[in-house]
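Participant: Take this structure, written in structure tokens, and hold onto it; I'll ask about it next.
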Amino acid sequence: MLVRSTIRLLLLLTVATASFALTVIAADAPSEPAERPAKPERGRRPAVAEVDREAVGFARTHHPELADLLERLRDANPRAYRAAVQDLSRDRVRLERLQERAPERYEYELKLWAMNSHIRLLAARAIRGNADEVRPKLQALMQERHDFRLSRLREERARLTTRMQRVDATIRELETEPPSDADVDALLTRVKSRSPAGKAQKNALKGAATESNGAVPASEKTGPPTTDSQSQTDLPQD
């Protein structure tokens, strides 16, 4: 019965977790010839090497112990190493895209990923047989993750509550103040004033207002005004 339970637990673990368990076991077991990796396709080696470098570098930055295990797994079990790196690469790409689209969520998701990675690693070590030694650390990490997620959800609830209060206030305002005739008239006035015909009429009204104030149009001005001395000089002498 115990053997069947262990097998079921191993099947539920992710590929990366299984790879970690193999690495830990291989550290104490007699060394065996590593499985020869399949020859990569022509032109694929640089791309694969780049994926490996970026994935391991990501682990080195955010979970150094995971990076050490991956490097040991590269020689001990190339097939498991490839599966673990591909899984890690998907997580890295997802987080990098999230950093561009939603920076406010990136820090949360990155920290949650690191917590999950540590938990998976300890769970893989527990499979090795020293569960009593690992259990307290695993319990502490799971509690930390629990509190972290709970805190985040409470913050999200507070944010949504504030938004819902604003939405409710807008709903009450719309329910108590339906569109009136004055609103329709104001809208038509704005639209008319912005139309070409409305602008021409507005300019004409401005011109009429200027003339009513006593201003003489520029077209009616025949020249400079004459002074009194000029008028006397122009008169015929006796």
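Participant: Scan the range 83-97 and report the pairs whose first residue is more than 12 Å from residue 58 (Cα to Cα) and whose second residue is at pLDDT 90 or above, with Cβ atoms within less than 6 Å and a gap of 6+ or a chain change.
Facilitator: Sorted first by the residue in the range 83-97, then by its partner, the list stays empty.
The rows are residues; the columns are (1) modelled with pLDDT of 90 or more; (2) farther than 26 Å from residue 126 by Cα; (3) hydrophobic (A, V, I, L, M, F, W, C).
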| residue | (1), (2), (3) |
| --- | --- |
| 7 | no, no, yes |
| 20 | no, no, yes |
| 37 | no, yes, no |
| 51 | no, yes, yes |
| 65 | yes, no, no |
| 74 | no, no, no |
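Participant: Looking at the range 70-86, which of its residues are under 14 Å from residue 51 (Cβ atoms) and of a type in the set (S, T, N, Q)? Before the answer, list the steps.
Facilitator: Of all residues in the range 70-86, those under 14 Å from residue 51 (Cβ atoms) come to 70, 74, 81-86.
Result: 86, single match.
The values are calculated or read from the model by the stated rules, or taken from the named source; none is laboratory data. These numbers were taken from a predicted model, which means no experiment stands behind them. Glycine gets a Cβ as well: all are built from the backbone with ideal geometry, and neighbour counts include every protein chain shown.
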